[in-house]
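Everything on this sheet refers to the single structure shown next.
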Amino acid sequence: MQFYKHHVFFCINHRTDGRACCQDHNASSMRDYMKKRIKQESLSGAGGVRVNQAGCLDRCELGPVIVVYPEGVWYTYLDEEDIDDIIDQHIKQGQPVKRLLID
């Protein structure tokens, strides 16, 4: 049995050498927004959802990126509406958000 039903990792990498990075797209703010929504919906904690920051996930050129485990589903996003769709469709209903998927 796993401790969390879903574990969400947000890349919040910040590069200073001019290459693309997730932090260029407000990744920390989007992570904070998801954490807030997950808590508001009583989805957090043991048996629920854990939202964490991650260092570079080596996909910043596709970014911003998050990965949801245990499924290993990778997403990109633009705004809070995209985060809402990931929560409502994937986290709550178990259906990946096809328009946000990355390979």
From the residues in the range 1-53 that are over 17 Å from residue 81 (Cβ atoms), among the basic types (Lys, Arg) and over 11 Å from the mean Cα position of the chain (by Cα), which one is least open to solvent (accessible area, probe 1.4 Å)?
15
Cβ pairs under 9 Å, 6+ apart or interchain, first in the range 27-44 and under 18 Å from residue 76 (Cα atoms) and in contact (Cβ under 8 Å) with a residue 24 or more places away in the chain, second assigned to a loop (DSSP other than H, G, I, E, B) and aromatic (Phe, Trp, Tyr), ordered by first then second residue, are 30/77
Considering only residues that are of a type in the set (Gly, Ala, Ser) and in contact with a Cys (Cβ under 9 Å, 6 or more places away or on another chain), look in the range 29-71 and name the one that is farthest from residue 90 (Cα to Cα).
55
With (1) without any contact (Cβ under 8 Å) to a residue 60 or more places away in the chain; (2) out of contact with any helix residue (DSSP H, G or I) (no Cβ under 6 Å at 6 or more places or on another chain); (3) within 22 Å of residue 98 (Cα to Cα) as the list, and residue 8 as the residue in question, which single condition is left unmet?
(1)
Cross-chain or 6+ apart pairs with Cβ under 9 Å, the range 76-101 first and surrounded by fewer than 16 Cβ atoms within 10 Å (Cβ to Cβ) and hydrophobic (A, V, I, L, M, F, W, C), then modelled with pLDDT of 95 or more and not in a helix (DSSP H, G or I):
101/73; 101/74; 101/75; 101/76
For residue 66, state whether it is open to solvent by less than 10 Å² (accessible area, probe 1.4 Å) and either touching a Ser or Thr at 6+ places or on another chain (Cβ under 6 Å) or not charged (D, E, K, R) (or both).
yes
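The values are calculated or read from the model by the stated rules, or taken from the named source; none is laboratory data. Quantities reported herein were computed from a predicted structural model and do not represent experimental measurements. Don't worry about glycine lacking a Cβ; one is built from the backbone with ideal geometry, like all the others, and counts go over all protein chains shown. When the accessible area is computed, the model is the full protein with side chains, heavy atoms only, and any ligands, DNA or RNA have been set aside. Shrake-Rupley method; radii C 1.70, N 1.55, O 1.52, S 1.80 Å.
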